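Shown next, in structure tokens, is the structure this report addresses.
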Amino acid sequence: MMIETHGLSRKFSGNLAVDGLTIEVREGEVFGLLGPNGAGKTTTVRMLACLIRPTSGTARINGYELGRDNQQIRRICGILTETPGLYEKLSARENLLYFAWLYDVQDPEAQVRKYLQMLGLWDKRDEPVGIFSKGMRQKVAIARALIHEPRLLFLDEPTAALDPESAKTVRDFIEELKSENRTIFLCTHNLDEAERLSDRIGVIRQRLIAVDTPDGLRRGLFGRQTVVQLAEVTPALVDALRGLDFISHVNQDGNRLLVSLSDPDAQNPVIVERLVRAGAKVQYVSEVKHSLEDVYLTLVREETQ
Amino acid sequence: MRKALIVFRKEWREILKNKLILYTIGVPPILLAILPLVMMYFMRNEPVDPEDLAMYAQFVAALPWLTPQEVVMYVLLNQFVLMFLMMPVVIPVTIASFSIIGEKEQRSLEPLLATPIRVTELLAGKTLAAVVPALLTTWAAFAIFLAGAYFLATPALLRALLSPMWWLAFFVMAPLFCILSVAIGVVISSRVNDTRVAQQIGGLIVLPVVALAMLQTFGKVLYTTQTFALASVVLAAVDVLVIRVGSNLFQREAILTRWK
């Protein structure tokens, strides 16, 4: 296990920023942490990256105990903060070399070259980062987070404030990192990004509301649903479906029937057969897939209420 | 301390790209070295003003091995010891504020603190970056002054200028002032977000030095080796106090959660 936390909490002047967070993140997993502003995402990252101490609770990073083995934890973690935080008068190369030295990288020059080339910035290596675009700065910040080849990478809003093209470049790069078996802890507001990149997602609002794969969260919240489009819906057709014991709900929406069930792969053929026998003209059948946005908003609203 | 040197080197890379800081480091020492020499050049053949002589009468009695003219020159040059001591006060606070507030402005502290550097190493690197140029320029200015004085001062006056008081000022008090200045720079930088504001506040710490110089100019006191030795002890105690305050503020947690 790369990250294990038990009841991790943090208070600021009496206010709970993070409340009893208990999570496990496996090695090589991309774990997305979602939550509204002020939900405690950045505080969580700061605690796990040994930047601030938890008020209570425990955590282990790759077996190292938070609080006791902070220096070892810092060595195996890379962090991309919300803002790039680069030294604007220094060049991209100088920025990266500084961090390579601080992380005791064996061959700093080679490592700097590797990441600047990988991110397409090698030709700009000697230019001060103050003149770089936001996207270029973010690339340098990502290179800085990776300069010591960390096994665990914290990415806090990696594509926030980037134009769509730069955001795509950064997302593509994170996808490449996934294939390198690095563990990535991703905090984001971008739900599409979270769904595309994360193996599992945790939703936080001071405390952890839910954690699962994106599909698991959908199923847990909305169950599974099939939509059947018919030429015409009659009460007899609705009754025909209600007679099936594996169906929990049937709702009509115009000429569409929304059917809640547990195993669409096995049960959809039975539904279609029953409808056809009852005289229905089936136009199409598909699974209803709720967006992660629906899942997220429902979870957060439920938590607020 | 290897990491402190890495920080020192990076700080210097940044300083060398900042003209304002370079002027702050370079111009005052040159002026402070040249001004007393110019004064000495013009005073050495001029008769002593009777008013000056009256003001410094007690000093003439205290320094019987100098002529009255040499006493007046000595007292006036003594002020420059204190002026020279303004450099280790002003330069470090300027560099420290630039360095720490610069990190705040650029939001580079969080990724930096996430590295396996100890905060003591980080603070030591930043302190070195502020202290080394201040001391080198102070000593360089003093060396230029002494070289000029070798040609302009009478042998008796030169001997007086090379008294332990001057060595104490440059090799004990100057480093102590530097450390005090950096520690004050850290304290100010933790509460202020603008480099210029920090430098203006930091500039106020020269006022006690100026006040001490004024006391001698107006004939109220003549500083001696004993005075400077006592001042060094007091300064060392103040250093310890301010360093403790600065070190408490310069902690990962405090920087990220309590600094403005």
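The values are calculated or read from the model by the stated rules, or taken from the named source; none is laboratory data. Small disclaimer: the values here were computed from a predicted structure and weren't measured. Counting neighbours? That spans all protein chains shown, and the Cβs are built from the backbone with ideal geometry, glycine included. The accessibility values were calculated without ligands, DNA or RNA, using every heavy atom of the protein model including side chains. Shrake-Rupley method; radii C 1.70, N 1.55, O 1.52, S 1.80 Å.
Summarise the accessible area of the stretch A:189-305 (1.4 Å probe, protein heavy atoms) by the percent that is carbon and sulfur.
On the way: 2850 of 6360 Å².
For the stretch A:189-305, the apolar C and S fraction of the accessible surface comes to 45 percent.
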Quick one: length gained pulling B:ALA147 to B:ALA254 fully straight, 0.36 nm per residue minus the C-alpha distance? 33.8 nm
Whole-percent pair-distance distribution, where bins are 5 Å wide, for the alpha carbons of the stretch B:61-183: 2, 10, 18, 17, 13, 11, 9, 7, 5, 4, 3, 2, 1
From the phi of every residue in the stretch B:105-113, what ³J(HN,Hα) in whole Hz does the Karplus formula 6.51 cos²θ - 1.76 cosθ + 1.60 yield, where θ is phi - 60° and glycine or proline is x? 5, 8, 6, 9, 5, 5, x, 5, 6
About the Cα centre, and with charges only on the beta carbon of Lys, Arg (+1) and Asp, Glu (-1), how big is the dipole of the stretch B:143-260? Nearest 20 debye, please. 200
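How much mean residue ellipticity at 222 nm does chain B get from its helices, if each DSSP H run of length 4 or more adds -39500 (n - 2.57) and you divide by all residues, to the nearest 500 deg cm²/dmol?
Result for chain B: -25500 deg cm²/dmol, rounded to the nearest 500.
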Can you give me the distance in nm between label points at A:ASN255 and A:PHE222, each placed 7 Å from the Cα along the Cα-to-Cβ direction? 2.3
Per-pair calculated FRET efficiency, R0 = 35 Å: A:ASP215 and A:ASP245 via Cβ, rounded to 0.05: 0.90
Select from A:HIS148, A:LEU241, A:PHE12 the residue farthest towards the positive end of the dipole of chain A; place +1 on Cβ of Lys and Arg, -1 on Cβ of Asp and Glu, and compute about the Cα centre. A:PHE12
Within the set A:ARG26, A:ARG171, A:ARG256, GNM on chain A using Cα springs under 10 Å gives the largest fluctuation to A:ARG256
Within 10 Å of each Cβ in A:84-91, how many Cβ atoms from other chains are there, averaged over the peptide? 6
Given a 1.4 Å probe, show me the residues in the stretch B:224-260 buried by at least 30 Å² of accessible surface when comparing the whole protein assembly to the chain alone. B:ARG252, B:GLU253, B:LEU256, B:THR257
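What is the average number of partner chain Cβ atoms found within 10 Å of a Cβ in B:102-110? Spell out each step's value before the answer.
Details: counts 3, 2, 0, 1, 10, 6, 12, 3, 11.
Per residue, the average neighbour count from other chains is 5.
With N set to the residue count of the stretch A:66-151, report its C-alpha Rg divided by 2.2 N^0.38 Å to two decimal places. Provide the component values of the computation, followed by the final result.
Values: Rg = 12.8 Å, N = 86, 2.2 N^0.38 = 12.0 Å.
Cα Rg divided by the expected 2.2 N^0.38 Å: 1.07.
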Under a point spin-label approximation (7 Å from Cα along Cα-to-Cβ), what is the A:GLU176-A:ASP163 distance to one decimal in nm? 2.1
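Determine the shielding of peptide A:50-57 by partner chains: average, over its residues, the number of Cβ atoms on other chains within 10 angstrom of each Cβ.
Values: counts 4, 10, 7, 3, 0, 0, 0, 0.
Shielding by partners across A:50-57 averages 3.
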As I understand it, the value is the acute angle between the Cα axis of helix A:264-277 and the longest principal axis of the Cα atoms of chain A; what does it come to in degrees, rounded to 10? 30
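How many square angstrom of accessible surface are buried between B and A, both sides summed, with a 1.4 Å probe and rounding to 100? Working shown, then result.
Numbers: alone 13130 and 15110 Å², together 25340 Å².
Looking at B and A, the buried total is near 2900 Å².
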What percentages, rounded to whole numbers, describe P(r) for the stretch A:29-87 computed over all alpha carbon pairs with 5 Å bin width beginning at zero? 4, 16, 25, 25, 19, 9, 2, 0
Can you give me the three principal axis dimensions of chain B from its C-alpha atoms, in Å, biggest first? 65, 32, 31
If all Cα-Cα distances of chain A are sorted into 20 Å bins from 0 onward, what percent lands in each bin, rounded to whole numbers? 29, 45, 22, 5
Seen from all sides and averaged, what is the projected area of the convex hull of the Cα atoms in the stretch A:260-299, in nm²? 3.8
Work out from phi, with θ = phi - 60° and the Karplus expression 6.51 cos²θ - 1.76 cosθ + 1.60, the ³J(HN,Hα) of each residue of the stretch B:60-71, listed in order in whole Hz, and give x for Gly and Pro. 4, 5, 7, 10, x, 7, 10, 6, x, 5, 5, 4
Please give the Cα centre distance for the stretch A:89-139 versus the stretch A:1-75, rounded to the nearest Å. 29
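Based on the Cβ-Cβ distance of A:ILE131 and B:TRP12, what FRET efficiency does E = 1/(1 + (r/R0)^6) give at R0 = 25 Å, to the nearest 0.05? Please list the in-between numbers first.
Values: r = 21 Å, r/R0 = 0.86.
With a Förster radius of 25 Å, E is 0.70.
Give me the Kirkwood hydrodynamic radius of the stretch B:176-260, using the inverse of the mean 1/r over all pairs of distinct Cα atoms, in Å to one decimal. Please report the intermediate quantities before stating the final value.
Working: mean 1/r = 0.0688 Å⁻¹.
Computed over Cα pairs of the stretch B:176-260, the Kirkwood hydrodynamic radius comes out at 14.5 Å.
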Relative to the present Cα-Cα distance, how much length would full extension add between B:ARG118 and B:VAL38 at 0.36 nm per residue of separation? 24.0 nm
In whole Hz, the Karplus estimates of ³J(HN,Hα) for the stretch A:64-75 (6.51, -1.76, 1.60; θ = phi - 60°; x where Gly or Pro) are 7, 8, 4, x, 9, 10, 4, 5, 5, 5, 4, 5
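Reported to two decimal places, what Rg/Rh ratio describes the protein assembly as shown when computed on Cα atoms with Rh from the Kirkwood expression?
Values: Rg = 34.7 Å, Rh = 28.5 Å.
Answer for the protein assembly as shown: 1.22.
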Once both axes come from the Cα atoms, what is the angle between helix B:174-191 and the longest principal axis of chain B, in degrees from 0 to 90, rounded to 10? 40
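Which number do you get for Rg(Cα) / (2.2 N^0.38 Å) in the stretch B:1-96? If you can, show how the numbers build up before the last one.
On the way: Rg = 19.8 Å, N = 96, 2.2 N^0.38 = 12.5 Å.
For the stretch B:1-96, the normalised Cα radius of gyration is 1.59.
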The stretch A:126-234 - Kirkwood radius from inverse mean 1/r over Cα pairs (Å): 16.5
Return the Rg/Rh value of the stretch B:113-174, two decimal places, where both radii are evaluated on C-alpha atoms and Rh is the Kirkwood radius. 1.26
Inter-site label distance for B:ARG107 and B:ASP52 at 7 Å from Cα along Cβ, in nm: 5.9
Give me the 1.4 Å probe accessible area per residue for the protein assembly as shown, excluding ligands and nucleic acids, in Å². 45
